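Student: Sending over a structure as structure tokens; questions will come in a sec.
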Amino acid sequence: MTDADLASQAAIREILLTAFPDHDFLGEEVEPLEKRDSTKPPDNGKFRWIVDPLDGTSNYVHGLQSFAVSIALEAQGQIILGAIYDPIVREFYHGQAGKGAFLNGRRLATSGCQIPGDALVAVSFPPHVRRDSVEIHRFIEALFACQSVRRLGSAALNLAYLAAGRIDAYWATSVHSWDVAAGVLLVREAGGIVTEIRGGTLDLDQPEFLASASPHLHDNMLRVLASAEAQ
């Protein structure tokens, strides 16, 4: 956590809850912990804003250009709006359920990549991944099956890049809803597919997932990642 995380979230929270005082708010930087009553999905159709004020904090601290602000709006357990902003290159990604995804006004579409051998893929690791972790085995399997693998440091931008056709698949098991809520909507609105990492229905409150540019690539990537669990 940095001063930038806290200042960004405070500004976003004030803007959103001033405009929508009846909405819930879930942000990464909430304190104290016992007041975090909005971590559960809202009931009775109540709206909930899900915000990561600075996704890619480690990159930001080290001066690397891979961090962003991510904001999503949830209603009845479904993400209906999503926005991701990269302040370095001034790229604004946004989408609305059923109405598409856009980058600076240009409609987005995934690459449509079909096979892992042609795919540029991304992964997120836990902060302290163990040498014998299944995460390492998944990475190795993907390294041999795919064209190339990247670890960029921002889950939100990974998903935005997938929606824009810049990468072809992305998986993560150590992220939170605020990291990925907006990006999951963008990928789906751009024609991609997102499931739980073993192919089931994604639970955004416990997001262990695989996102892919096409259904065929998704099926293949599920097999690649599953092969790591057999080791």
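Student: What translational diffusion coefficient, to the nearest whole µm²/s, does the chain have by Stokes-Einstein, given a Kirkwood radius computed over alpha-carbon pairs, a temperature of 37 °C and 0.692 mPa s viscosity?
Tutor: Roughly 185 µm²/s, to the nearest whole number.
Student: Would you work out which of PHE102, SER177, SER8 lies farthest towards the positive end of the dipole of the chain, given +1 charges on the beta-carbon of Lys and Arg and -1 on that of Asp and Glu, about the Cα centre?
Tutor: About the Cα centre, the residue reaching furthest to the positive side is PHE102.
Student: Using 1/(1 + (r/R0)^6) with R0 = 22 angstrom and r between the beta carbons of GLU196 and SER133, what's the FRET efficiency to the nearest 0.05?
Tutor: 0.75
Student: Still on this model: Kindly rank 113-122, 145-154 from highest to lowest mean number of other beta carbons found within 10 Å of each residue.
Tutor: 113-122, 145-154
Student: Given H placed on each backbone N at 1.01 Å, which residues far from PHE47 in sequence or on other chains put an amide H within less than 5 Å of it?
Tutor: ASP24
Student: Here is a further query. In nanometres, what is the gap between the two model label sites at PHE144 and GLU208, each 7 Å from Cα along Cα-to-Cβ?
Tutor: 2.3 nm
Student: So how do LEU210, LEU159 line up by other beta-carbon neighbours within 10 Å, fewest first?
Tutor: LEU210, LEU159
Student: Using the crude model of +1 on Lys and Arg Cβ and -1 on Asp and Glu Cβ, and no other charge, please compute the dipole size for the stretch 73-231 relative to its Cα centre, in debye to 20.
Tutor: With only Lys, Arg, Asp and Glu charged at Cβ, the dipole is about 420 debye.
Student: What 222 nm value per residue comes from the helices of the chain, counting each DSSP H run with n ≥ 4 as -39,500 (n - 2.57) and dividing by all residues, nearest 500 deg cm²/dmol?
Tutor: On the way: 6 runs with 72 residues, N = 231.
Result for the chain, helices only: -9500 deg cm²/dmol.
Student: Rounded to the nearest 10 degrees, what's the angle between the helix 134-145 long axis and the longest principal axis of the chain, both from Cα atoms, 0 to 90?
Tutor: Taking the Cα atoms of the chain, the angle to 134-145 is about 50 degrees.
A short reminder: the numbers here are calculations on the coordinates, not readings from a lab. Keep in mind it's a predicted model, so treat the numbers as computed, not measured. Note that we place each Cβ from the backbone using ideal geometry, even for glycine, and neighbour counts take in every protein chain shown.
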